[in-house]
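Working notes for the structure below.
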Amino acid sequence: MKKGEKRSKKKVAGGKGTTTWVCVIFFVSAWMFVLGIFVGRGTAPVKFDIENLQKELAALKEAVIKEGQGRFKIGRDPASAKMELGFYEALKETRPSVLHKVKQPVRKKTALPQKKTKARQPQKVEKSTSSSKQTKPAADAGFTIQVASLKDMKVAAELSEILKKKGYQTAYTVSAKIPGRGVWHRVRIGHFKNRSDVGDILDRLKKDKYKPIVVQE
């Protein structure tokens with residue numbers, strides 16, 4: 001019985017304390033309101049420092065609010081409070097990032113005009129008239145019999161002497177430079193105006209086992 005009475009007394013005392021604070025705050029607020037009206041009209045006999053009174057009133061309000069919050073926080077789970085706080089902080093961080101995301105206009109690539117390159121015309125090569133004109137043989141050029149064409153000059157000279165000893169008195173040697181092959185020495189016999197005049201000597205050379213040919217001088 002005594003324990004129950006003590007608990008009931010504590011509850012009554014706690015309720016009286018809260019009621020007293022509320023009454024004090026209400027009285028001070030009403031008094032400040034009335035003083036404000038008098039000061040505004042200029043009818044108040046005594047000048048009060050309104051700012052200091054407002055600060056004191058705000059301090060009293062904060063004390064009462066903190067006392068009430070302290071009582072309600074006793075049965076609250078601290079883990080849930082941290083989760084709520086983290087949620088609100090994350091919400092604050094994501095808001096500005098969403099606002100700053102602005103779609104930038106896509107720039108279309110404009111094709112640059114290509115410079116027209118003038119086709120180079122092939123340069124005309126002027127052929128010299130001298131190279132185009134082929135040298136025609138002289139009308140009075142005759143014919144001769146070529147027995148051999150040798151690289152060695154001494155061998156060509158010896159062959160010419162052998163032919164003279166065999167009766168070919170008109171045998172002689174002629175040197176000519178061939179492009180890409182160097183100088184060659186040709187062994188020839190006679191000078192004939194017509195091609196038909198070489199028949200007898202040509203047949204004779206073939207019998208002597210030579211390989212003669214008729215060439216134009």
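Report whether or not His191 is in contact with a Leu (Cβ under 8 Å, 6 or more places away or on another chain) and surrounded by 10 or more Cβ atoms within 10 Å (Cβ to Cβ).
no
Scan region 151-182 for residues that are out of contact with any Ser or Thr (no Cβ under 7 Å at 6 or more places or on another chain) and part of a strand (DSSP E or B) and jot them down.
Val174, Ser175, Ala176, Lys177, Ile178, Gly182 - these are the residues of region 151-182 that are out of contact with any Ser or Thr (no Cβ under 7 Å at 6 or more places or on another chain) and part of a strand (DSSP E or B).
Considering every residue within region 163-175, establish whether at least one is touching a residue at least 24 places away in the same chain (Cβ under 8 Å) and closer than 18 Å to Gly142 by Cβ.
Within region 163-175 (the criterion being touching a residue at least 24 places away in the same chain (Cβ under 8 Å) and closer than 18 Å to Gly142 by Cβ), the answer is yes, since at least one residue qualifies.
All of the numbers you see were taken from the coordinates with simple rules; none came from a lab. All figures in this text were calculated on a predicted structure; none of them were measured in a lab. Neighbour counts are summed over all protein chains in view; Cβ atoms, including those assigned to glycine, are modelled from backbone coordinates with ideal geometry.
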